[in-house]
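Presented below is the structure to which this report refers.
Since every read-out is calculated from the coordinates, none of them should be taken as a lab result. The structure presented is a predicted model; accordingly, all values stated were derived computationally and were not measured. Backbone-built Cβ (ideal geometry, glycine too); neighbour counts: all protein chains shown.
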Amino acid sequence: MGLLDGKCAVVTGASRGIGQAVCVSLAQNGADIVGLDIDFEALEGTKEAVEAEGKRFLSLKADVSCLEEFQGAIKEASSEFSSIDILVNNAGITRDNLLIRMSSEDWQKVIDINLTGVFNGVKAVSRAMMKQRSGSIINISSVVGLLGNPGQINYSASKAGVLGITKSAAREMAKRGVRVNAIAPGYISTRMTDELSEGARKALMDNIPIARLGEPEDVANTVFFLASDLSSYMTGQVLSVDGGMAM
Ligand code: NAP
């Protein structure tokens with residue numbers, strides 16, 4: 001028996017990194033999974049991993065920055081599964097540069113995917129979740145949304161904005177049984193952080209009390225906690241999974 005038996009979870013950016021680990025963790029705890037990604041073929045590895053846990057996996061192609069695509073994906077998911085119980089807004093990108101060199105295009109692209117993408121996701125599932133009087137939405141923010149970071153004005157603004165969406169949506173939907181929480185990961189070992197130079201990586205370690213990068217599973221375990229009834233009295237919260245960076 002898993003704590004998420006009979007539940008269905010939608011996870012965005014599900015093809016790799018944190019999103020893939022989240023899909024596997026939620027499946028291990030009993031949930032069926034709908035994986036959304038901008039690249040449909042890339043979802044194949046996650047599908048195999050979830051099915052190996054004996055759970056169903058539906059692959060859907062959607063760009064989270066487009067409301068119509070997100071709503072279309074949720075409609076398709078709802079016709080396959082009896083309800084959508086969990087939404088994990090995980091898809092995100094970086095386009096780093098110092099402010100003086102950052103183009104408006106790189107500013108807008110990051111806002112469109114990381115911030116508007118979360119708005120679109122919350123909007124796409126909220127009506128049905130409120131109607132069924134239950135649901136857990138988990139938004140993946142970042143330590144950079146709490147602390148700021150040189151070279152990441154677009155990214156840190158988008159991730160700070162995600163905290164605003166989380167708290168406002170939590171207040172709007174609490175009485176209807178829908179909980180909305182956020183996770184602020186620190187530096188997690190994925191393709192996003194593979195791009196760091198050796199120098200940047202060393203400088204980072206000096207700022208991580210636990211003195212290692214996190215693993216995608218560290219974030220996935222926290223997503224499971226927030227998705228399940230173990231956290232039934234929590235809403236509008238931001239949990240840091242960052243080796244102590246933001247304490
Ligand atoms: P990742 O390995 O780069 O994976 C991101 C996923 O999002 C990929 O599957 C990607 O698909 C998908 N994606 C990108 N744009 C999309 C769009 N418009 N619509 C749908 N899917 C899209 O990243 P990660 O490191 O796992 O990060 C996951 C989340 O955690 C992000 O929100 C990130 O900001 C956040 N985070 C990460 C870290 C870290 O250290 N890694 C720290 C704090 C927060 P494709 O592969 O097809 O591009």
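So the values come out like this:
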quantity	calculated
For Ala182, residues with placed amide H under 5 Å, excluding near neighbours	Asn139, Gln237, Val238, Leu239
Residue exposure sequence - Tyr233, Tyr155 - by fewest surrounding Cβ within 10 Å	Tyr233, Tyr155
Packing-based exposure ordering (other Cβ within 10 Å, fewest first) of Cys66, Cys23	Cys66, Cys23
With 10 Å bins from 0: P(r) over the range 8-239, alpha-carbon pairs, percent	8, 34, 38, 17, 3, 0
Reachable lysines from Lys175, criterion Cα separation under 30 angstrom, eight or more residues apart if same chain	Lys7, Lys75, Lys123, Lys131, Lys159, Lys167
Sequence-separation-based contact order of the range 138-247, relative, with Cα cut under 8 Å and 6+ spacing, percent	36 percent
Within a Gaussian network of the chain (alpha carbon springs, distance under 10 Å), most fluctuating of Ala128, Ala227, Ala31	Ala128
Selected from Ser79, Thr46, Asn97, residue furthest toward positive end of dipole (the range 35-122; charges at beta carbon)	Asn97
Burial ordering of Thr166, Thr193, fewest other beta-carbon atoms within 10 Å first	Thr193, Thr166
Eligible aspartates and glutamates near Lys61 by straight Cα distance, threshold 16 Å, same-chain separation 8 or greater	Asp37, Asp39, Glu41, Glu44, Glu69, Glu76, Glu80
Pair Leu99, Lys131: separation of 7 Å Cα→Cβ label points (nm)	4.6 nm
Placed amide H near Lys7: partners under 5 Å, 5+ positions off or other chain	Asp32
Cβ crowding within 10 Å averaged over residues, with 197-206, 76-85 ranked highest first	76-85, 197-206
Rough spin-label spacing in nm, given labels placed 7 Å along Cα→Cβ, for Asn221 and Leu147	2.1 nm
Inter-label distance for Lys202 and Tyr233, nm, one decimal - labels placed 7 Å from Cα along Cα-to-Cβ	4.8 nm
Mean separation of Cα contacts under 8 Å (6+ apart) over length of the chain, as relative contact order %	19 percent
Added length on full extension, which subtracts the Cα-Cα distance from 0.36 nm per residue, Arg171 to Ser189	3.2 nm
